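Nothing in this text is a laboratory measurement; each read-out follows from the coordinates by a stated rule. In this text the structure is predicted, and so the values were computed from the model without any measurement. When we count neighbours, we look across all protein chains shown, and the Cβ atoms used for this are built from the backbone with ideal geometry, even at glycine.
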Amino acid sequence: MGLGVGLSAVKRRFPTRTSRVSRVFVAAVVAAGLVLAGGCGGDGGDSGGGSEGDSLKVGVLLPGGGASRFGQFDRPLIEKKLKELCPGCPAATVAATPEPMVQRQQLDAMITKGMDVLIVAAVDPKALRSSVEAADRAGIPVVAYDRLALGPISGYVTFDGEIIGRLQAEGLLKGMGEKADGGQIVMMNGATTDPNAGWFKRGALAVLKDKVKIGKSYDTVGWRPENAYVNMTGAISALGATNIDGVLAANDSLAGAVVSAFGASGVKPPPPLTGQDADLAAAQRIVGGDQYMTVYKPYKPAADAAVEMAVALGRGEKVDSIATGTVDSDTTKDIPAVLLPSVSVTAGNIKDTLVKDGMYTIDQICTPKLRSACAEAGLI
């Protein structure tokens, strides 16, 4: 098995429970990236599962902050859940970066600071392995979040990658209509350093095999949209824009780059296009007809499960009652895991998914330029 986890490595003990589902320059960057929020009380109480005098120090490392989904959604949800479960604990120490070397140094800094437990969404699981091992030697449990890091991981929370890939492929075929049988597509996959990217691809190919011709398939270095733009421009040049019947983009950032590449080639709207993460820009593209679908992953259940695991591990407790199964990585077997379901989102169900769950408001999606399209989609 390749780096990370595949569906064959999942040993489900019982179905997924949706109730659990609501590193002189680099050093400067690391120092700036470690953000210690103020403490939230000393003695605490027993409210929300916290024990009196509990003072667990939780470190959180994310592969992005600010406008990324990790900055907008995951971080505040993790911080809120920690406060609920452990009201006497200090606020989480949070660091975010898209650079593998910086993240490794951030993790090492958290070990030095004496964190009791870590929640880690790895930028590059292989690059982070030595730091995960160092955390283990220091007696600090690590909960892998969203992406499975290598090394002695104590728990893992993510969305089922094969299901995500299948949802994308099924959505693409539906959007292609009659061209779904024998049409030509381009695959804009994620980074090979991210085990989830391979998981998504395998899920998609399980649906697409024998159905369409894959004219070009790219692995996008660093999940960077600028790399996807170059790749898509190359595919259009090699295949011809009118000979591309659909594009399977692994996430919404890549999808945005695909739209830009087609636009630069004079093609608007582009052929049916997938995404993932339900970014606001993607929701707007879907309403406007530039993207067919995205995959919505409800972040609250994932954040809740990760914090539940972290607090339990920090207190020396087992997480078997939280996990819904186990997974294997290349270095660790039988990692307790929570694998969560995802939802396919098109123009027809944005209101019942993203809006209903409070991800975005109608006004956020339906900008003045999109008012007519929103009315057609039944959003206003």
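A few remarks follow.
- The three principal axes of the Cα atoms in region 70-111 give end-to-end lengths of 33, 24, 9 Å, sorted in falling order.
- Modelled FRET efficiency - R0 22 Å, Glu133 with Lys318, Cβ distances, 0.05 increments: 0.55
- Taken one residue at a time, the phi angles of region 256-269 give Karplus couplings (6.51, -1.76, 1.60, θ = phi - 60°) of x, 5, 5, 4, 5, 5, 5, x, 5, 8, x, 10, 8, x Hz. Gly and Pro are set to x.
- Shown in residue order for region 237-253 are the 3J(HN,Hα) couplings computed by the Karplus curve 6.51 cos²θ - 1.76 cosθ + 1.60 at θ = phi - 60°: 5, 6, 9, x, 4, 6, 9, 9, 8, x, 9, 9, 9, 6, 8, 6, 5 Hz (x for Gly and Pro).
- Unit charges on C-beta of K, R, D, E only; dipole of the chain, Debye: 560 debye
- Scalar couplings 3J(HN,Hα) for region 279-288, obtained by applying the Karplus form with A = 6.51, B = -1.76, C = 1.60 to θ = phi - 60°, are 4, 4, 4, 5, 4, 5, 5, 5, 4, x Hz; x denotes Gly and Pro.
- Assigned charges on the beta-carbon of Lys, Arg, Asp, Glu; region 187-249 dipole about Cα centre (debye): 180 debye
- Signed unit charges on C-beta, dipole axis of the chain, positive-most listed residue Leu313, Ala281, Leu150: Ala281
- In a DSSP loop and with at most 11 other Cβ atoms within 10 Å, the trypsin sites (Lys or Arg not before Pro) in region 187-228 are Lys209.
- Computed lengthening from Thr361 to Asn243, 0.36 nm per intervening residue step minus Cα-Cα distance: 38.8 nm
- Panel note: the C-alpha atoms of region 93-244, placed on their principal axes, show extents of 58, 27, 20 Å (largest first).
- Dipole magnitude of region 134-206 about its Cα centre (Cβ charges: Lys, Arg +1; Asp, Glu -1), debye to nearest 20: 100 debye
- Cα-based Rg of region 267-380 normalised by 2.2 N^0.38 Å, two decimals: 1.40
- Region 310-364: equivalent-ellipsoid semi-axes (sqrt of 5 x gyration tensor eigenvalues, Cα, Å): 35, 16, 9
- For Leu340, residues with placed amide H under 5 Å, excluding near neighbours: Thr158, Phe159, Asp160
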